[in-house]
Every structure is written in structure tokens, then in C-alpha cells.
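The structure under discussion appears below in the form of C-alpha cells.
Bear in mind that the values in this text are calculations on the coordinates, not laboratory data. It should be emphasised that the depicted structure is a prediction, and the values quoted were computed from it without experimental measurement. For neighbour counting, all protein chains shown are included, and Cβ atoms are generated from backbone atoms with ideal geometry for every residue, glycine included.
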């Protein structure tokens with residue numbers, strides 16, 4: 001697109017630049033400082049999806065980046081609206097999700113309203129983004145937008161913030177065109193580094209692979225599966241690396257939902273070399289390094305961040321897909337296969353499947369995970385909010401396709417599950433999408449049911465009800481504190497869903513969850529299913545049983 005021969009407003013140039021980047025939707029809540037942008041969007045190919053709060057708009061933009069590798073875009077006004085984007089910015093920054101946040105501002109060349117509503121949003125966003133910048137002239141918009149998308153997508157991906165003052169948006173400019181988009185390839189690791197990594201692996205008696213958050217980049221799934229097929233090394237994954245290689249693989253030994261003392265740590269303790277692929281220390285540690293216990297080889301787009309619990313002895317840096325192909329060529333057919341893993345793997349998988357179909361009501365978390373797995377096809381997407389159930393899904397839910405269990409183990413914010421699931425449903429209208437949220441996290445952004453209904457999404461929302469901030473209540477009990485400050489009441493969730501025009505369902509017996517979910521998916525449209533949970537298993541399994549295992 002070339003706009004050099006015509007005069008246009010800054011807002012028109014902004015929207016043309018966004019179209020040039022392939023943007024088809026923008027999420028947010030505009031204000032008076034964005035009115036020029038709203039008018040330019042109205043005349044464009046980009047759909048403005050109005051949300052009921054800015055925070056979920058940012059969560060949706062981040063999830064777009066997570067699932068596509070291309071930045072999602074969120075829009076807000078100045079001051080309070082812009083600050084409401086901050087949690088979503090942190091979500092994208094810690095989660096490695098490319099996104100672009102565009103906020104409005106009062107005119108910068110005149111000050112007729114003095115400091116009304118003005119806070120320094122650019123400064124407030126700097127620690128939460130890869131770049132935070134005010135656009136000071138319309139003629140620079142095209143280059144600023146191209147740079148923003150480029151930076152957002154570069155490894156490590158994340159959010160970029162642009163502030164567009166209203167007078168710059170209204171400014172007329174000519175002789176400016178958008179900047180052509182071109183993609184850049186990451187360099188492959190050096191052959192010398194590949195050979196050193198291969199020597200380290202070949203010298204190990206019990207190497208073990210670990211797939212981390214960076215392994216879940218959309219483009220990596222084929223390369224990772226091919227690497228496992230060629231080298232035949234057992235693997236586990238972090239919570240955010242779940243599904244990078246399918247859990248149905250004969251080499252899968254589990255997911256590290258806890259940092260230590262879980263069943264998967266039996267395999268970790270057996271390994272003399274852990275090969276971490278795409279590990280990012282923003283995640284809660286999947287294992288705690290102890291000096292002399294095992295060596296760690298870090299394979300990543302970028303060098304490792306050295307932490308007290310993570311200090312790899314060797315690294316292979318560059319394009320992960322290229323590096324793994326080169327490494328597999330050095331290793332294929334040379335590794336000694338051992339039967340040591342067989343018993344360990346079988347025991348781990350047996351324990352995490354324990355009591356999965358227990359006929360108890362309210363339902364145990366194991367039964368909830370089991371029943372969800374029964375109704376979700378291999379490519380079905382489960383978007384988790386944050387709560388106690390997240391640990392159970394991380395441990396027990398087997399994934400066969402990359403990015404089909406969306407959870408946040410970085411910022412781990414409540415309130416992101418529903419917006420994340422909405423974005424997944426928008427991007428994948430022919431796949432089943434299920435949101436799983438606790439009653440606490442769901443109510444933080446439950447107003448977005450109206451947005452989901454307006455968008456005519458086929459989406460099922462499962463609310464796990466315990467009338468409490470369950471994870472913190474569990475930790476409170478484990479630490480020996482009195483039960484205090486964690487409980488609350490709830491609305492009638494069935495009536496609440498119906499008030500938005502959605503269908504509401506309540507599970508009233510142990511065998512009722514799977515049929516209710518199946519019926520909701522078959523019917524199509526927006527459904528909310530509420531199921532009560534019995535969290536007594538938290539103590540039995542995650543405290544008592546794991547403690548016995550260590551003895």
C-alpha cells in the first residue's frame with residue numbers, strides 16, 4: 001500500500017500501518033482521545049472489538065500473539081484506561097507473547113485541559129514492555145508502527161506500547177507511506193557449539209529432555225516432535241511447555257507442575273544430564289538445581305538467565321528448530337537405549353491417573369480433569385484461569401497437540417482465562433474451546449460474557465465452584481495458619497449466564513459433568529457450566545502422598 005500521493009490524518013496512517021502488518025482485529029475500550037482512530041478504523045478492514053474492560057482486551061491481544069506468533073493489538077484511552085492495560089502488559093511480557101498496546105493522550109502541542117486525567121503512561125509501561133514510546137508527529141507513525149511490530153516479535157517476544165496523542169492523530173500529513181514488512185530468520189547455532197552439545201549428551205548415561213515455555217512457539221511443534229523421534233530421549237515439560245511434544249509419545253514422562261517432590265521428579269532425579277529446550281526462568285521452577293546432582297544443557301533462542309535454581313553448564317543458542325535438526329544429525333543412532341526409564345515412566349503415569357474416575361460428589365479435581373479430557377478432541381483447546389485446579393490440569397491432562405492447554409505459569413494472574421478462551425475461539429471457530437476457571441478468577445472478568453455473546457462465539461465456560469480463593473486457602477492450611485479471609489459468596493451462575501443471553505447449567509451428580517459439557521458443545525453458542533469441587537484431594541495427594549514418597 002502506498003499513500004505518498006494523498007494527504008491523510010495521523011490516525012488514517014496508523015490504521016494503514018496496522019493493516020500493512022496484517023492486523024484484522026483490535027480489542028479495547030476507546031475514549032475521547034481515540035475518536036480519530038475509531039473513525040479511521042470504521043473506514044478500514046480492521047474490526048474494532050469493544051470489550052467491557054481494558055484488562056481482558058490486553059489478555060486477548062496477548063493470547064493472539066501466543067497462538068499465532070503475530071502481535072495482537074489492544075486499544076485504550078489515556079490515564080485510567082491505559083493503566084487498566086498494565087496487568088495484560090505484564091502477562092505478555094512474562095509469558096513471551098507478542099502484542100502492541102495503543103493508548104490515547106491529551107494533545108501535546110496545546111494544554112487546554114491542563115493535567116486532567118494525565119499520568120505518565122509511557123513511563124509506567126516501560127518496566128512492563130519491551131518498548132514504550134510516545135508518537136510525537138504524524139510523519140513518524142509508519143516507521144514507529146513497523147518498529148513496534150518488529151520488536152514485539154523478536155526473541156524474546158513481548159508487548160510494545162505506543163501512545164498516540166489526539167492532536168497527532170488528527171494531524172494532516174502527506175508524502176508518507178507504510179513500511180514494507182519483511183521477516184527475518186534467526187541464525188543457526190555454530191557447528192562447533194552443536195558438536196560440543198552432542199559430546200555432552202553422548203557422554204551422559206541418563207539424559208532427559210525438558211520442554212519449556214519457549215518450546216511452545218507455534219512454529220516449533222514439528223521440529224520438536226521430529227527431534228524426539230530421531231534421538232529417542234525421554235522428555236518432560238514445564239507447565240507452559242505442555243503439549244510442545246504430544247503426551248501420547250512413548251517418551252513422555254510427565255509434567256512438572258510443582259518445583260520439587262512430585263512424581264515427575266523421580267525421573268529428574270534419575271537423570272545425569274537435563275537438556276532444557278526453550279526454558280524461560282519466568283516460569284515457576286520445574287526443578288531445583290543442586291550442585292553435583294546433574295548437569296544442564298540449555299538450548300534456546302537466547303542465552304540462559306542464570307538464577308539460584310538454574311545455572312546451566314553448557315548452552316546451544318540460536319534458532320531452536322535449526323539447532324535441534326543439526327544436533328539430531330550428530331546424535332541419531334549413536335545413543336545407547338536404556339530400560340531404566342520404563343519402570344519410572346510407568347509409575348509416574350500410574351500415579352497421576354489415580355482415582356481419575358472416582359464416583360464422588362462434589363467432584364474431585366482428578367475427576368474434573370478426566371471428564372474434560374473425555375469431551376475434548378485432540379485439537380480442542382482448554383484455556384485455564386489461575387487457581388488450584390491449574391496444578392491438577394498441568395499434572396493430569398494429557399495433550400497431543402501444541403498450544404491446546406493454555407495456562408499461565410509466569411505472571412499467573414487471575415482473570416485471564418475467559419479472555420484467553422475467547423481469543424482462542426475467535427481464531428479457531430471450528431475447534432472446541434473450553435474455558436476452565438475457579439469462581440474467584442471467573443468473577444474478575446465475567447462481564448466479558450457479554451462480549452463473547454455479542455461476538456456469537458461457540459464457547460463453553462466451566463466454572464469450578466468452592467466459594468473461596470482455593471489455592472491460597474490450601475496454602476494457608478498447609479502452612480498452619482487459621483482459615484481466615486479466603487471465602488466469599490457467589491451469584492446463581494445459571495441465572496447469571498442467562499442474564500447475558502448464554503445458556504447456564506449446573507452439575508448435580510458425579511456422572512453429570514462429561515454429558516453436560518458434551519451437550520453444550522453439540523448445541524453450539526455460549527454456555528456456562530458450574531461444577532462444585534471437593535478439594536480435600538489437595539492435602540491427600542499434594543501433601544501427604546508426596547511426603548510419603550520421599551521417605
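Just checking my list (1) 40, 31, 20; (2) 36, 28, 24; (3) 43, 38, 23 against semi-axes √(5λ) of the Cα gyration tensor in Å computed from this structure; which label fits? Derived directly from the coordinates: (1).
Between residue 360 and residue 188, what FRET efficiency follows from the Cβ-Cβ distance if R0 is 41 Å, with the result rounded to 0.05? It would help to have the intermediate numbers written out before the result.
On the way: r = 53 Å, r/R0 = 1.29.
E(calc), rounded to 0.05, equals 0.20.
Each DSSP beta bridge with both residues in the chain is either parallel or antiparallel, and the antiparallel ones are about 5%.
Rounded to the nearest 0.05, what FRET efficiency do residue 534 and residue 7 give with R0 = 51 Å and r taken as the Cβ-Cβ distance? Could you check? Once rounded, the FRET efficiency stands at 0.15. Please report the spacing between the Cα centers of the range 348-385 and the range 52-68 in Å, no decimals. Between the Cα centres of the range 348-385 and the range 52-68 lies a distance of 27 Å. In terms of packing, defined here as the mean over residues of other Cβ atoms within 10 angstrom, the peptides 502-511, 30-39, 86-95 line up highest first as 86-95, 30-39, 502-511.
So the label point goes 7 Å from the Cα of residue 476 along Cα→C-beta, right? Which residues of the range 361-390 then have their backbone N under 17 Å from it? It comes to 387-389, nothing else. Based on the convex hull around the alpha carbon atoms, the range 8-173 presents an average projected area of 8.1 nm². Here the extension length gained between residue 123 and residue 68 equals 16.9 nm, from 0.36 nm per residue of separation less the Cα-Cα distance. Across the range 8-173, the mean sequence separation of Cα contacts (distance under 8 Å, 6 or more residues apart), normalised by length, yields a relative contact order of 28 percent.
Subtracting the Cα-Cα distance from 0.36 nm times the residue separation, let me have the gained length for residue 349 to residue 172 in nm, one decimal. Provide the component values of the computation, followed by the final result.
Numbers: separation 177, 0.36 × 177 = 63.72 nm, distance 6.40 nm.
Gain on extension, residue 349 to residue 172, equals 57.3 nm.
Need one word for the range 355-549: rounded, prolate or oblate. Basis is the Cα gyration tensor (sqrt eigenvalues a ≥ b ≥ c); a/c below 1.5 gives rounded, then a/b vs b/c decides. Note, shape of the range 355-549 comes out prolate.
Classify the range 159-278: rounded, prolate or oblate, from the alpha-carbon gyration tensor (a ≥ b ≥ c, eigenvalue square roots; a/c under 1.5 rounded; otherwise prolate if a/b is larger than b/c)?
Cα axes put the range 159-278 in the prolate bin.
Helices in the chain, meaning DSSP H runs of at least 4 residues, each add -39500 (n - 2.57). Divided by all residues, the mean residue ellipticity at 222 nm is -10500 deg cm²/dmol.
Computed extension gain for residue 116 through residue 225, at 0.36 nm per residue and net of the alpha carbon distance, reaches 33.7 nm.
Working from Cα pairs under 8 Å separated by at least six residues, relative contact order for the chain is 12 percent.
Can you say what percent of the DSSP beta bridges in the range 191-348, counting only those with both residues inside, are antiparallel? Round to 5.
Numbers: 1 of 21 bridges.
The antiparallel proportion sits near 5 percent.
If R0 is taken as 45 Å, the Cβ-Cβ distance between residue 288 and residue 147 corresponds to a FRET efficiency of 0.70.
Which of the three applies to the range 191-348, rounded, prolate or oblate, going by the alpha-carbon gyration tensor with a ≥ b ≥ c and a/c under 1.5 meaning rounded?
On the way: a/c = 1.22, a/b = 1.10, b/c = 1.11.
Judged from the Cα gyration tensor, the range 191-348 comes out rounded (a/c under 1.5).
Between residue 454 and residue 483, the modelled label-to-label distance comes to 4.1 nm, taking each label 7 Å out from Cα in the direction of the beta carbon.
Each residue, residue 510 and residue 379, gets one label point 7 Å from its Cα in the Cβ direction; the gap between the two is 3.6 nm. Here the simple spin-label model places points 7 Å from the Cα toward Cβ, and for residue 32 and residue 19 these points are separated by 3.0 nm. Within the range 8-173, DSSP assigns beta bridges of which about 10% are antiparallel (rounded to the nearest 5).
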